Amino acid sequence: MANLSAAKKSIRQDKKRRISNLSHKSELKTLMKKLNSFIESNKADEAASILSLLTSKLDKAAKKNIIKRHNADRKKSRLSSKVAKLKANKTNP
């Protein structure tokens, strides 16, 4: 247990930050699962709309250091290529 008041305060702050970060990460995972389900069910329009929302959320999470920048870039790249491939398959069956 911390003795100094500053150490106690940092423990309280860390607890709040941890809860906030976990909720952000959970939201990202939920959106990614939703996007993957749209991709698997060949729903290109819904996938594109979720992708734009997910891209924004990933950028914000990377900006707040919830996830690393390159991690966000890699996820955006892989998911956008899947959606692009889905759109291409839909236009050229």
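Computed quantities for the displayed model
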{"item": "The lone exception for residue 27 - which of (1) free of Cβ contacts under 8 Å to residues at least 40 places away in the same chain; (2) within 11 Å of the chain's Cα centre (by Cα); (3) open to solvent by less than 70 Å² (accessible area, probe 1.4 Å) it fails", "result": "(3)"}
{"item": "Flag for residue 65 being surrounded by 10 or more Cβ atoms within 10 Å (Cβ to Cβ) and farther than 30 Å from residue 91 by Cβ", "result": "no"}
{"item": "Matching residues in region 10-24 - criterion: being surrounded by 12 or more Cβ atoms within 10 Å (Cβ to Cβ) and either among the acidic types (Asp, Glu) or within 30 Å of residue 46 (Cα to Cα) (or both)", "result": "20, 21, 24"}
{"item": "Candidate set: region 1-39, residues that are assigned to a helix (DSSP H, G or I) and among the small types (Gly, Ala, Ser); chosen: the one farthest from residue 67 (Cα to Cα)", "result": "5"}
{"item": "Among (1) of a type in the set (A, V, I, L, M, F, W, C); (2) closer than 18 Å to residue 80 by Cβ; (3) open to solvent by less than 70 Å² (accessible area, probe 1.4 Å) - the single one residue 7 does not satisfy", "result": "(2)"}
{"item": "Test result for residue 82, open to solvent by 90 Å² or more (accessible area, probe 1.4 Å) and more than 13 Å from the chain's Cα centre (by Cα)", "result": "yes"}
{"item": "Meets criteria (surrounded by 12 or more Cβ atoms within 10 Å (Cβ to Cβ), at pLDDT 95 or above and assigned to a helix (DSSP H, G or I)) for residue 76", "result": "yes"}
{"item": "Output for region 31-40, where each listed residue is open to solvent by 60 Å² or more (accessible area, probe 1.4 Å) and within 16 Å of the chain's Cα centre (by Cα)", "result": "33, 34"}
{"item": "Long-range neighbours under 9 Å by Cβ, at least six apart or interchain, first residue free of Cβ contacts under 8 Å to residues at least 60 places away in the same chain and over 14 Å from residue 51 (Cβ atoms) within region 62-86, second β-branched (Val, Ile, Thr) and open to solvent by 100 Å² or more (accessible area, probe 1.4 Å)", "result": "none"}
{"item": "Region 41-59, subset in contact (Cβ under 8 Å) with a residue 24 or more places away in the chain and surrounded by 12 or more Cβ atoms within 10 Å (Cβ to Cβ), residue farthest from residue 30 (Cα to Cα)", "result": "44"}
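For every residue, the table says whether it meets (1) out of contact with any helix residue (DSSP H, G or I) (no Cβ under 8 Å at 6 or more places or on another chain); (2) more than 25 Å from residue 88 (Cβ to Cβ).
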site: 28; (1), (2): no, yes
site: 37; (1), (2): yes, no
site: 42; (1), (2): no, no
site: 45; (1), (2): yes, no
site: 51; (1), (2): no, no
site: 58; (1), (2): no, no
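The values are calculated or read from the model by the stated rules, or taken from the named source; none is laboratory data. Quick caveat: nothing in here was measured; it's all calculated off a predicted structure. No Cβ is skipped: glycine too gets one built from the backbone with ideal geometry, and neighbour counts run over all protein chains shown. To get the accessible areas, we keep the full protein, side chains included, count just its heavy atoms, and leave off ligands, DNA and RNA. Shrake-Rupley method; radii C 1.70, N 1.55, O 1.52, S 1.80 Å.
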